[in-house]
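The values are calculated or read from the model by the stated rules, or taken from the named source; none is laboratory data. These numbers come from a predicted model, not from an experiment. Cβ: placed from backbone, ideal geometry, glycine included. Neighbour counts: every protein chain shown. Heads up: the accessible areas ignore ligands, DNA and RNA and are worked out on the full protein's heavy atoms, side chains in. Shrake-Rupley method; radii C 1.70, N 1.55, O 1.52, S 1.80 Å.
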Amino acid sequence: MSAGGDEHVLELSAAEALEAIRGGELDAREIFELYAGRAASDATNSYLWTASPDAELGPTDAALGGLPLAVKDLFCTEGIETTSGSRILEGYVPPYTATSVARVEAAGASILGKTNMDEFAMGSSNENSAYGPVLNPWDHSRVPGGSSGGSAATVAARTAPWALGTDTGGSIRQPASLCGIVGLKPTYGAISRYGMIAFASSLDQCGTLTRTVADSALLLRELEGRDPMDSTSFGIPEPIELPTRQDLSGLRFGVGKGFGSDAEGIEPGVAEVFDAAIGEIFALGGEVTEVELPHAHHGISAYYVLAPAEASSNLARYDGVRYGFRAPDATDLGSMYELTREQGFGAEVKRRIMLGTYALSSGYYDAYYGRAQKVRTLIAADLRRVFSEVDFLITPTSPTVAFELGERTADPLAMYLSDYFTVPMSLAGTPAISIPAGLAEPAGGGPELPVGLQIAGPAFSESKLLDAAHALEAQIEFDPSPAVAR
């Protein structure tokens with residue numbers, strides 16, 4: 001281990017750790033053992049499975065150098081139980097590995113553990129997991145966000161140097177914001193979805209949760225690419241470069257009218273941090289201008305018709321016949337279907353299956369699903385127009401800082417509004433990144449908590465997006481140490 005000991009290693013970003021391994025200052029095996037020990041004693045319920053400290057490492061001479069990686073339990077991993085946070089998949093061991101995971105393993109990543117998540121990625125707080133909620137490393141009485149809350153918490157608490165997650169309506173960016181780390185949702189189709197357990201197939205996207213923007217770029221260039229096993233994948237046309245930009249001169253940033261610090265329901269502290277981030281953009285030479293997003297405020301309504309509709313179809317396969325859990329007290333085939341789904345699914349999943357089935361039912365299809373698809377088209381058109389006027393769109397990532405466990409579980413609408421700023425980019429399929437922008441007091445008072453800034457760009461603008469985020473990240477100089485101390 002290095003002269004600075006474990007604390008020094010935990011302070012390193014993944015990129016810095018890789019450099020130290022290549023320079024002979026650190027040993028990949030010792031780094032893996034350090035993180036494996038921390039993962040095994042994790043106090044946030046972030047892991048559903050952890051690797052042994054003496055597990056086989058990825059090739060240490062490859063791009064990712066054998067560094068440990070946490071993986072959301074939604075990715076199929078050959079020989080390792082994969083539950084997607086649901087009882088209905090309890091005991092399911094996939095016979096193959098998701099393409100995205102296989103690619104980073106081939107590039108040298110070593111799987112450290114599978115992370116806790118909202119059941120089938122349905123949630124914004126990680127309280128919908130069948131295996132208990134994940135706790136926010138900054139304050140164990142608060143949520144880490146969802147659905148990739150386990151992956152976000154592991155990175156924030158330094159029980160993993162980086163992690164994979166998935167984003168359907170904000171499930172990477174929102175927990176990244178609430179945990180004070182970087183979360184990247186690439187363009188839809190940039191990364192293969194093969195081996196990801198489907199929630200809403202036209203929205204699901206693999207992405208990264210990391211400590212720095214440079215770490216996101218490192219993972220993304222190994223993850224992206226066309227995959228013959230996923231007909232919707234096409235990769236990113238231009239190579240992903242490591243970000244180097246130090247200023248924002250020549251770049252134009254748009255703030256949507258009613259979609260920034262003036263948005264309805266935003267906490268005062270979040271609005272203040274967002275306005276301060278705009279000041280940092282000016283300080284780096286960037287331009288900021290107001291843009292029109294006339295349909296963005298309909299995003300949540302459209303999303304919560306479209307995503308449940310796709311979920312109701314995707315989850316029809318879980319009936320006790322082929323996967324995981326089967327109700328033990330069934331007396332015939334019909335009762336096996338009914339009892340397995342009744343006992344295997346949690347309340348939020350059942351709610352969304354019923355919503356989606358209703359939206360797709362005869363006589364209501366045009367009124368709900370068809371209308372929501374039209375709204376999606378309008379939002380995508382809004383963003384295309386905005387990106388012809390400015391280089392990037394900026395918003396707060398979440399209207400609030402991390403809220404208390406149980407605070408919104410009885411109010412699904414309040415929970416769904418957590419994704420107010422992130423859903424439009426998911427509907428349009430465009431890339432977006434959340435970076436830590438500062439700290440703010442919760443609305444009810446208490447210790448300050450992280451606030452995220454979302455930067456969105458046009459399709460396949462990942463390299464340019466990462467470059468701009470890198471410059472702003474250096475200017476803001478966010479301090480993550482309170483989360484590590486827990």
Within segment 294-323, residues open to solvent by 40 Å² or more (accessible area, probe 1.4 Å), modelled with pLDDT under 95 and touching a helix residue (DSSP H, G or I) at 6+ places or on another chain (Cβ under 7 Å) come out as Tyr323
Every pair of residues 6+ apart whose Cβ atoms lie under 7 Å, when the first sits in segment 265-277 and is surrounded by fewer than 20 Cβ atoms within 10 Å (Cβ to Cβ) while the second is outside any helix (DSSP H, G or I) and small (Gly, Ala, Ser): Gly269/Ala440; Ala271/Ser261; Glu272/Ala440; Asp275/Ser261; Ala276/Gly438
So which helices (runs of 4 or more DSSP H) stay within segment 124-225 end to end and still have 2 or more residues that are crowded, with 24+ Cβ neighbours inside 10 Å and touching a Cys at 6+ places or on another chain (Cβ under 7 Å)? 149-156
Segments classed as helices (runs of 4 or more DSSP H), wholly inside segment 406-486, with at least 2 members that are free of Cβ contacts under 8 Å to residues at least 60 places away in the same chain: 412-416, 481-485
Filter result (in a helix (DSSP H, G or I), of a type in the set (Ser, Thr, Tyr) and open to solvent by 60 Å² or more (accessible area, probe 1.4 Å)) within segment 338-393: Thr357, Tyr358, Tyr368, Thr377, Ser388
Within segment 52-82, residues surrounded by 21 or more Cβ atoms within 10 Å (Cβ to Cβ) and part of a loop (DSSP other than H, G, I, E, B) come out as Gly58, Leu64, Gly65, Gly66, Leu67, Asp73, Leu74, Cys76, Thr82
Among (1) open to solvent by less than 30 Å² (accessible area, probe 1.4 Å); (2) at positive phi; (3) in contact with a Gly (Cβ under 6 Å, 6 or more places away or on another chain), where does Gly5 come up short? (3)
Search result, residues across segment 230-264 that are open to solvent by 60 Å² or more (accessible area, probe 1.4 Å), farther than 22 Å from Asp391 by Cα and charged (D, E, K, R): Glu264
May I ask you to list the residues in segment 241-292 that are over 26 Å from the mean Cα position of the chain (by Cα), in a loop (DSSP other than H, G, I, E, B) and of a type in the set (Asp, Glu)? Asp247, Glu292
Checking Leu203, Leu184, Leu248, Leu209 in turn, the sole residue that is touching a helix residue (DSSP H, G or I) at 6+ places or on another chain (Cβ under 7 Å), under 20 Å from Leu18 (Cα atoms) and at pLDDT 95 or above turns out to be Leu209
When residues of segment 23-42 are filtered for being open to solvent by 60 Å² or more (accessible area, probe 1.4 Å) and either touching a residue at least 40 places away in the same chain (Cβ under 8 Å) or part of a loop (DSSP other than H, G, I, E, B) (or both), how many remain? 5
Taking only pairs six or more apart or across chains, which ones have beta-carbon atoms under 9 Å, a first residue in segment 90-101 that is touching a residue at least 40 places away in the same chain (Cβ under 8 Å) and surrounded by 21 or more Cβ atoms within 10 Å (Cβ to Cβ), and a second residue that is part of a helix (DSSP H, G or I) and polar (S, T, N, Q)? none
